[in-house]
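Each remark here refers to the structure printed beneath this line.
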Amino acid sequence: MATEIEKTDAQWREELTPEQYAVLRQAGTERAFTGKYWDNHEDGMFRCAGCGAELFSSDTKFESGSGWPSFTEPAFAENVDVKEDRSHGMVRTEVTCKKCGGHLGHVFPDGPRDAGGLRYCINSAALDLEAK
Ligand code: FE
């Protein structure tokens, strides 16, 4: 699928840290409770670490207990894409950055019921917080 930002694999490898590359370009998952944002409580906008797109606001971040930063919804629906992911013997819904195609994490239907019921489970390595 074509995205607005198209770079070669070599370019991504050069621009991203190994952790960012593993998540964004190889759909990897950081180990729970190891990323820089799961326990972060600053106000601001979480941008894509690959392209800078505005992805998630701290206003929608909640304590999921999962060890990954968790949000009830994207900051702008048009900035993320979701699609079925049948890897690793599970059926999950993958969340990607619409602008660069980078893998962000998955969305699960077990979020706070008073806020839409979704849990966007996002890797810290895919995000860059622009604190207010
Ligand atoms: Fe991106």
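For first residues located in segment 1-25 and closer than 13 Å to H103 by Cβ and among the acidic types (D, E), partners that are at pLDDT 95 or above and more than 14 Å from the ligand (Cβ to nearest atom) and lie 6+ apart or on another chain with Cβ distances below 8 Å form the pairs E19/E30. Step by step: first the residues of segment 112-129, then only those that are assigned to a strand (DSSP E or B) and in contact (Cβ under 8 Å) with a residue 60 or more places away in the chain, then the one that is nearest to the chain's Cα centre (by Cα). Which residue is that? Result: I122. Scanning segment 1-25 for residues that are part of a loop (DSSP other than H, G, I, E, B), modelled with pLDDT of 95 or more and not polar (S, T, N, Q) gives K7, L16, R25. Of the residues in segment 68-77, none is at pLDDT below 95 and away from the ligand (no atom under 13 Å from the Cβ).
Of all the listed residues (R86, R92), the sole one being in contact with a His (Cβ under 7 Å, 6 or more places away or on another chain) and away from the ligand (no atom under 12 Å from the Cβ) is R92. Considering V91, V80, V95, which residue is over 24 Å from K7 (Cα atoms) and among the β-branched types (V, I, T)? After ruling out the rest, the residue left standing is V91.
A single member of G52, G28 is part of a loop (DSSP other than H, G, I, E, B), at pLDDT 95 or above, within 15 Å of the ligand (Cβ to nearest atom) and surrounded by fewer than 18 Cβ atoms within 10 Å (Cβ to Cβ), and it is G52. Just so you know, in segment 1-25 the residues that are touching a Phe, Trp or Tyr at 6+ places or on another chain (Cβ under 8 Å) and of a type outside the set (F, W, Y) include one that is surrounded by the fewest Cβ atoms within 10 Å (Cβ to Cβ), and it is R13.
Considering (1) without any contact (Cβ under 8 Å) to a residue 60 or more places away in the chain; (2) more than 16 Å from the ligand (Cβ to nearest atom), the lone condition that W38 does not fulfil carries the number (1).
The values are calculated or read from the model by the stated rules, or taken from the named source; none is laboratory data. Computed from a prediction, not measured in an experiment: that's the story for all the values here. Because the Cβ atoms are built from the backbone with ideal geometry, glycine has one as well, and the counts that use them run over all protein chains shown.
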